[in-house]
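The structure appears below as structure tokens.
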Amino acid sequence: MPYVVGIVLSLGVALFARSVGFDRDRAFYPTVLMVIASYYVLFAAMSDSVQTVLLESVVMTVFVIAAVVGFKSSPWIVVAGLAGHGVFDALHGNVLENSGVPVWWPAFCLAYDLGAAGSLAWLIVRTFERRTP
């Protein structure tokens, strides 16, 4: 069920962003990436472990850098960051111990991240096709 909810929610957000114009701004998906990356820090804070907060903050920083670099240069970096965060979700429990993470979160976030990456990739290709005669 977390996979279904994650993908449906990511597509719903993408459609909503498209319909109101949020995704016309290059900052939308990089911001989504930074917010997504911050949740593990939140869960670490809930676990009351300073060490886990620091470790999750280091990981978050990697994704924030990808968001900023992608915003400044190529949105494909943001696509890679979103998809990469999905892979990170799948491996998170094997890489970092964070007792604040809900059991269902990695599956949900994996599906959300991949849905968001796919939505942005579609938007990039569609925008490129419109500009090409």
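None of the figures in this text is laboratory data; all of them are computed from the coordinates on show. Note that the coordinates shown come from a computational prediction; the quantities given were computed from them, not determined experimentally. Here the Cβ is made from the backbone with ideal geometry for all residues, glycine too, and neighbour counts use every protein chain on show.
Structural remarks
- Ellipticity at 222 nm from helices only: DSSP H runs of n ≥ 4 in the chain, each -39500 (n - 2.57), divided by the residue count, give -29000 deg cm²/dmol.
- Shown here are the Rg and Dmax of the Cα trace of region 1-128, at 14.4, 46 Å.
- Per-residue packing, averaged as other Cβ atoms within 10 Å, sorts the ranges 91-101, 109-119 into the order 109-119, 91-101, beginning with the highest.
- Note on residue 95 and residue 27: the extension gain reaches 21.5 nm, defined as 0.36 nm multiplied by sequence separation minus the Cα-Cα distance.
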